[in-house]
Amino acid sequence: SKFTAERCALIRKSNKNISLLSEVGFKSEELIDLQNRQKEQKNNINFFSFVRLVPIKRIDIIIKAFHKANIHNSYLTIIGGGECEEELIRLINKLGIGNKVKITGMLPRDKALNIMTYSDVMVHACVHESGGWACLEAMAAGLPVICLDWGGPGVVVTEKTGLKILPDLSEQEIIDQMAKYFISLSDIKLREQMSLNCKKHIAENFSI
């Protein structure tokens, strides 16, 4: 990532002979499969996150931001399992959004991709993410991404393919900004334009 490159340049006191290369990419058949998955036309707005439910993934921030956004006919699906699952379920119930937020637990890859197919926006809140593979898969399928501008997601998600939040804000400021981005991407015209940008970005930069 650019952060590693900056660190290397600082140590060497020069950025000469330092190049950025992606650690991840799609084979042509994988990319075609993701790009051609048909989305169902619907009136609901479906947000999703695809992560391990551990503290550094900060799923609690996503849940709080979704609650604050309070978008009509919106739903949030969290794909994954882990040590924080019960704690997150308690948070969901405390906020009174159990009818709009679902935690699936661990799923086989194909089932997870099917949920992604019927979603509209991916949300990612982890600051300790070197690659951000799930963000790439989402963009390959034409889904805009809301994430922190840090680590792998901060590099692979562009201004044309998603909405990024500065990680040096306070937790409440991050929640507030993320809630605003939830609302922004409830606009179908913005989602459709970003969807086209996502597929183009992945095809041009992450195809092997």
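The values are calculated or read from the model by the stated rules, or taken from the named source; none is laboratory data. Model, not experiment: these values are computed from the prediction. Here the Cβ is made from the backbone with ideal geometry for all residues, glycine too, and neighbour counts use every protein chain on show. We work out accessible area using only protein heavy atoms, side chains counted, and drop any ligands, DNA or RNA first. Shrake-Rupley method; radii C 1.70, N 1.55, O 1.52, S 1.80 Å.
In table form, for the structure just shown:
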quantity	calculated
Helices (runs of 4 or more DSSP H) within region 53-129 that include 1 or more residues touching a Ser or Thr at 6+ places or on another chain (Cβ under 8 Å)	59-69, 109-117
Test: residue in region 182-203 that is modelled with pLDDT of 95 or more, aromatic (F, W, Y) and closer than 26 Å to G81 by Cβ	yes
Number of the exception - I188 against (1) β-branched (V, I, T); (2) out of contact with any Asp or Glu (no Cβ under 8 Å at 6 or more places or on another chain); (3) in contact (Cβ under 8 Å) with a residue 40 or more places away in the chain; (4) under 22 Å from T77 (Cβ atoms)	(3)
Candidates T77, T104 - the one that is surrounded by fewer than 22 Cβ atoms within 10 Å (Cβ to Cβ), farther than 22 Å from L148 by Cα and not aromatic (F, W, Y)	T104
Hey, N17 on the phi > 0 side of the Ramachandran plot, in a loop (DSSP other than H, G, I, E, B) and either open to solvent by 100 Å² or more (accessible area, probe 1.4 Å) or modelled with pLDDT of 90 or more (or both) or not	yes
Inter-residue pairs, beta-carbon under 9 Å, first among the basic types (K, R) and in region 161-175, second assigned to a strand (DSSP E or B) and surrounded by 12 or more Cβ atoms within 10 Å (Cβ to Cβ), 6+ apart	K164/V145; K164/I146; K164/C147; K164/L148
Residues of region 117-132 satisfying the condition of being at pLDDT 85 or above and open to solvent by less than 10 Å² (accessible area, probe 1.4 Å)	S119, V121, M122, V123, H124, A125
Filter result (small (G, A, S) and part of a loop (DSSP other than H, G, I, E, B)) within region 150-187	S170, S186
Looking only at region 133-170, and only at residues there that are touching a helix residue (DSSP H, G or I) at 6+ places or on another chain (Cβ under 7 Å) and charged (D, E, K, R), the one that is least open to solvent (accessible area, probe 1.4 Å)	E137
Test: I61 is at pLDDT below 95 and buried (at least 18 other Cβ atoms within 10 Å of the Cβ)	no
